[in-house]
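What follows is one structure encoded as structure tokens, with my remarks underneath.
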Amino acid sequence: MSFNIKEIPTNPFEGQKPGTSGLRKRVKVFQQEHYTENFIQAIFDSIDVKNSTLVIGGDGRYFSPETVQTILKIGSANGVGKFIVGKDSILSTPAASNIIRKYKATGGILLTASHNPGGPNADFGIKYNVSNGGPAPENVTNQIYEKTKTIKSYKVIEAIPVDLSKIGEHTYGPSKVAVIDSVTDYITLLESIFDFPLIKKFLDEHESDFPVLFDGLNGVTGPYARALFVNTFGLPESSIQNCVPLPDFGGFHPDPNLTYAHTLVDAVEKNNIPFGAASDGDGDRNMIYGKGAFVTPSDSVAIIAHWADAIPYFKKGGVKGLARSMPTSKAIDYVAKKKGFEYFEVPTGWKFFGNLMDAGRLSICGEESFGTGSDHIREKDGLWAVIAWLNIIASVNKDSPNKLIGINDLLNEFYSIYGRSFFSRYDYEEVPSEGANALVANLNEALKTGSLDNTVYTATSSSTSFTVSGLYDFEYKDPIDHSVSKNQGQVITFTDGSRVVFRLSGTGSHGATVRMYVERYVAADAGVAELSKPAAEGLQSLIEVALELSKLKEFLGREKPTVITVMNGE
Ligand code: VG1
Ligand code: CO
């Protein structure tokens, strides 16, 4: 059979450079004639596409169905042998990572801008994942970017669009398209990792004193959460909310933090729910939040690592190593040191964990940005983290028949063993690029001249002083492939072990976003009163000092951050 392949002339677009996690722009930008096509052709120009198997998934946001058809047309014309597509173009990011690995695909294209809002006036995104199921490493994304700069044409096949609502195998020009159920394989995966019967038994027995609430924020996790909480664990409908994926997320900003996940926070507070959780648009982030109990992501991954033995996957396979992204608090480092695990500090972005996992040196890792996961796949995994917490709580309570142990009990016990890393992040979104660059340049100057070294800063509100012990620009050499990633954030350390980090975001769809991360460690012997302070109190002085020494307000012309992660409501 012959198929009609057309070559369409085009011109390069500027700025098709994948960021921390794929190319993210306004929908309107992707809708320009040839824009999406160019980027997709550039992906196929950068991989070995002949007879490949390609997974297509995403969070179902606005412009996804059209883009799946575009990928099919261009992919088939470029020689893709088989496409595996989630029904209705839906596969959460962790589910897609699993599908790539399970069906030994060449790679996958994920249509998502993650936690960024969706809809005709909001964001869209395209991300390429490689055969290990993880985001493409920098050498691949750089190559894709280079191709976008010189592209002259793209190829399409003329074929009838595939009905993505019908599960089954379709013939599509010279290729095959398998439309698969989006949920089943993922639930099977989690079932092989966790002790489902134990969790179910615990939730059954504590129906009245340990109700659970999961909020999908109208993102992609809805159907997965329903399959788990309602169908598997037998919880009532009221245990899930906002669990139907909507193309515009119902107008929500699908980011699970205390500011944006207010539907969860409100319901937890109002109904005294001891265990609540939420996920982001594409299902890879998570927030654990119960009545009067908030777990920072940095603590969350450390606590999961501490309790790893309660999870069958780690009990059987062991813990090979731990890791965190650089700005994430050092809580997990203390667990690694105590338990004798190898541990790593990598740049921001999940792609940096993949090589360590593939080499068998990393089992559990996380980022302060509500990302937690393990080597069961190569993406962070929102529901995995939520079920990990439930598994741990169920297991701990098995040995405590008379007192229900909840989130705060686990936090306090953890602090009493390892000490506590007070942590917060301030985001200054959509600031002028000149101001953001000037802030960075000023710190670089201080780095060169040593002008900040040993300087003492005193917070006006408390008279607490901090002495600068060092300033460096974080650079990472991958221990496996030895590739070097430079300029990954500026770190200022203080003599008491506190730390402030400045970084420019790589996921915004336009303008610059500056992130300021602050961390202050209080040792375990400081006593309960000190360790259980609200984070806002524990960090107040350091934040004042960080703003002063960076001259942030001057450079950015902003009095207040757009989002304070962690501290609101605490
Ligand atoms: C942010 C987070 C980072 C995370 C990335 C992708 O990146 O800080 O930790 O890996 O988003 O997460 P940046 O460059 O804006 O700081 V997701 O859920 O948007 O895929
Ligand atoms: Co995400």
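The table below lists the values:
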quantity: Region 22-83: Rg to Rh, with Rh as the Kirkwood radius over Cα pairs; calculated: 0.95
quantity: Point-charge dipole on Cβ atoms (K/R +1, D/E -1) for region 420-566, about Cα centre, debye to 20; calculated: 80
quantity: Whichever lysines have a C-alpha closer than 18 Å to that of LYS560, once near sequence neighbours (fewer than 8 apart) are set aside; calculated: LYS551
quantity: Rel. contact order, % - alpha carbon contacts under 8 angstrom, at least six apart, region 420-566; calculated: 37
quantity: Region 186-418 - Rg over Rh from alpha carbon coordinates, Kirkwood radius; calculated: 0.94
quantity: Crossing angle, helix 64-77 versus the chain [Cα axis fit, 0-90 degrees, rounded to tens]; calculated: 50
quantity: Unit charges at the beta carbon, dipole of the chain: most positive-side option, GLY86, THR513, ILE273; calculated: GLY86
quantity: Label point 7 Å beyond Cα of SER461 along Cβ direction - residues of region 471-514 with amide nitrogen under 19 Å; calculated: 498-501
quantity: Given charges at Cβ of Lys, Arg, Asp, Glu: the chain dipole, positive-most of ALA42, ALA113, SER182; calculated: ALA42
quantity: In range of the label at ASP496: residues from region 470-485 whose backbone nitrogen is under 16 Å from the point 7 Å along Cα→Cβ; calculated: 470
quantity: Within the chain: Cβ-based charge dipole about Cα centre, in debye rounded to nearest 20 (Lys, Arg +1; Asp, Glu -1); calculated: 1140
quantity: Distance between region 1-43 and region 464-504 - C-alpha centres, whole angstrom; calculated: 36
quantity: For region 485-550, alpha-carbon Rg and Dmax in angstrom; calculated: 14.6, 46
quantity: Where chymotrypsin sites (Phe, Trp or Tyr not before Pro) fall in DSSP loop in region 100-139, at most 15 other Cβ within 10 Å; calculated: TYR103
quantity: Among LEU531, VAL501, SER465 the positive-end extreme of the charge dipole of the chain (Cβ point charges); calculated: VAL501
quantity: Long pairs among LYS291/LYS403; LYS73/LYS351; LYS50/LYS176; LYS127/LYS380; LYS104/LYS486, criterion Cα-Cα beyond 23 Å; calculated: LYS73/LYS351; LYS104/LYS486
quantity: Overall form of region 418-477 per C-alpha gyration tensor (a/c, 1.5; a/b vs b/c); calculated: rounded
quantity: Label zone at LYS149, where the point sits 7 Å out along the Cα-to-Cβ direction: region 27-68 residues whose backbone N lies under 18 Å; calculated: 38-47
quantity: Ranked VAL55, VAL212, criterion: other C-beta atoms within 10 Å, fewest first; calculated: VAL212, VAL55
quantity: FRET efficiency, ASN272 to ALA526 (Cβ-Cβ, R0 22 Å, nearest 0.05); calculated: 0.15
quantity: For region 228-274 versus region 518-548, the gap between their alpha-carbon centres in whole angstrom; calculated: 30
quantity: Between 0 and 90°, nearest 10: helix 407-418 axis offset from the chain longest Cα axis; calculated: 70
quantity: Helix 297-306 axis, angle to the chain major axis (alpha carbon atoms, nearest 10°); calculated: 80
quantity: Separation of the LYS448 and GLU66 label points, Cα + 7 Å toward Cβ, nm; calculated: 4.7
quantity: Least to most buried among THR328, THR467, THR507, THR150 (fewest other Cβ within 10 Å first); calculated: THR150, THR467, THR507, THR328
quantity: For the chain, alpha-carbon Rg and Dmax in angstrom; calculated: 23.5, 80
quantity: Overall form of region 303-455 per C-alpha gyration tensor (a/c, 1.5; a/b vs b/c); calculated: prolate
quantity: Translational D in µm²/s for region 4-182 (Stokes-Einstein at 20 °C, 1.002 mPa s, Kirkwood Rh from C-alpha pairs); calculated: 136
quantity: Loop-resident sites, region 396-501, for GluC sites (Glu not before Pro), counting at most 16 other Cβ within 10 Å (DSSP); calculated: GLU475
quantity: Filtered trypsin sites (Lys or Arg not before Pro), region 476-570: DSSP coil and at most 11 other beta carbons within 10 Å; calculated: LYS486
quantity: Residues GLU205, GLU544 arranged by fewest to most Cβ contacts within 10 Å; calculated: GLU205, GLU544
quantity: Principal axes of region 420-566: Cα extent on each, largest first, Å; calculated: 43, 40, 31
quantity: For region 138-295, size of Cβ-based charge dipole, Lys and Arg +1, Asp and Glu -1, in debye; calculated: 560
quantity: Two-site FRET efficiency, LYS201 against GLU169, from Cβ-Cβ distance with R₀ of 45 Å, rounded to 0.05; calculated: 0.70
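Only the coordinates and a few stated rules stand behind these numbers; no lab work does. As the structure is a prediction and not an experimental result, all values here were calculated from the model. Here the Cβ is made from the backbone with ideal geometry for all residues, glycine too, and neighbour counts use every protein chain on show.
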